[in-house]
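Student: To start, I am sharing the structure in question, which I have written as structure tokens.
The values are calculated or read from the model by the stated rules, or taken from the named source; none is laboratory data. A quick note: this is a predicted structure, and the numbers were derived from the prediction, not measured. No Cβ is skipped: glycine too gets one built from the backbone with ideal geometry, and neighbour counts run over all protein chains shown. Accessible surface areas use protein heavy atoms only, side chains included; no ligands, DNA or RNA. Shrake-Rupley method; radii C 1.70, N 1.55, O 1.52, S 1.80 Å.
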Amino acid sequence: MTEKKTKSFCREESPCYTFEASRCTLVVAETATVSENNSDSVSTFASHSGKPGSKWKTSYKVDFWGVYLAARAKINTSYTVNKGSIKITDVTKAGTKANAPTTIVVDSLKKVINNKKTVKSRGSFTKVNGIVIGGQPIGFSDSFDLTTTLKITSATNSKVKWTSSSKSSK
């Protein structure tokens, strides 16, 4: 029986990195938010602010390390922040990759809750330590979800404040 140890380093003012040791694998998670109007500005903080109608993208990635980077699962949520709601415009898997003999399969990407004060996007993935032939995994496989939640905390006519949080779950 393997023992799973998880250590999380999260503070509101800093990026969230989660390290998980299991079966000689190190798992590193990171969230970043960027304004699509000014892509030079990247924020790893949990709190954000912008003008109503501005477009943003929050990316959440989980890296699986062994001796090398075996796989990366990534969910990118593009959205528009309005005074009374956040509207998710797109959910993608760009940046998801795997190095042999590991394989990552994206089972689904979806907007779970949309156009409300609190919205969610989710990506369902399967990591296979082996290969996938004809949709059938050969080797050890783990299924997991990556979820991003965006929530408006306050709004005026000139500024909207919201939080972003992401998590992975089995």
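Student: What's the local net charge at LEU146, with K and R +1, D and E -1, over the other residues with C-beta under 9 Å away?
Tutor: Local charge sum for LEU146: +3.
Student: Search the structure for amide H atoms under 5 Å from the amide H of THR96, placed 1.01 Å from N in the peptide plane, and list their residues when 5 or more places away or on another chain.
Tutor: Residues meeting the amide H criterion: LYS74.
Student: Another one. Whole-Hz Karplus ³J(HN,Hα) for the range 114-120, in order, using 6.51 cos²θ - 1.76 cosθ + 1.60 and θ = phi - 60°, x for Gly and Pro?
Tutor: Ordered by residue, 3J(HN,Hα) equals 9, 6, 9, 6, 10, 10, 9 Hz.
Student: Same structure, new question: In sequence order, what are the phi-derived ³J(HN,Hα) couplings for the range 48-55 according to the Karplus relation 6.51 cos²θ - 1.76 cosθ + 1.60 with θ = phi - 60°, rounded to whole Hz, with x for glycine and proline?
Tutor: Computed from phi, the couplings for the range 48-55 are 9, 8, x, 6, x, x, 6, 9 Hz.
Student: Let's test the formula: R0 of 30 Å, r as the Cβ-Cβ distance of LYS116 and VAL67. What FRET efficiency results, to the nearest 0.05?
Tutor: The calculated FRET efficiency here is 0.10.
Student: Per residue, how much accessible area does the range 90-167 have with a 1.4 Å probe, in Å²?
Tutor: Values: 4320 Å² over 78 residues.
Normalised by residue count, the accessible surface of the range 90-167 is 55 Å².
Student: Ok, one more. Expected output is a single nm value to one decimal: the length gained when fully extending between LYS55 and LEU26, i.e. 0.36 nm times separation in residues minus the C-alpha distance. What is it? Walk me through the numbers on the way to the answer.
Tutor: Working: separation 29, 0.36 × 29 = 10.44 nm, distance 3.35 nm.
Result for the pair: 7.1 nm of gain on full extension.
Student: Sorted by packing (mean other beta-carbon atoms within 10 Å per residue), highest first, where do 159-169, 119-129 land?
Tutor: Values: 159-169: 17.8, 119-129: 20.9.
Final packing ranking: 119-129, 159-169.
Student: Expressed as a rounded percentage, what relative contact order does the range 104-170 have, with Cα pairs under 8 Å and six or more residues apart? The partial results should precede the final answer.
Tutor: Values: 133 pairs, mean separation 17.3, N = 67.
Across the range 104-170, relative contact order equals 26 percent.
Student: Excluding ILE104 itself, calculate the net charge of residues whose Cβ lies under 14 Å from the Cβ of ILE104, where each Lys or Arg counts +1 and each Asp or Glu counts -1.
Tutor: On the way: positive: LYS61, ARG72, LYS74, LYS93, LYS97, LYS127; negative: ASP63, ASP107, ASP142, ASP145.
Every neighbour counted, the sum reads +2.
Student: Let me ask another. Return a whole-number percent for the relative contact order of the range 37-109, with Cα pairs under 8 Å and 6 or more residues apart as the contact set.
Tutor: Details: 119 pairs, mean separation 18.7, N = 73.
Worked out over the range 37-109, it gives 26 percent.
Student: Taking only C-alpha pairs under 8 Å that are 6+ residues apart, what is the relative contact order of the range 45-170 in percent?
Tutor: Numbers: 340 pairs, mean separation 30.3, N = 126.
Relative contact order, the range 45-170: 24 percent.
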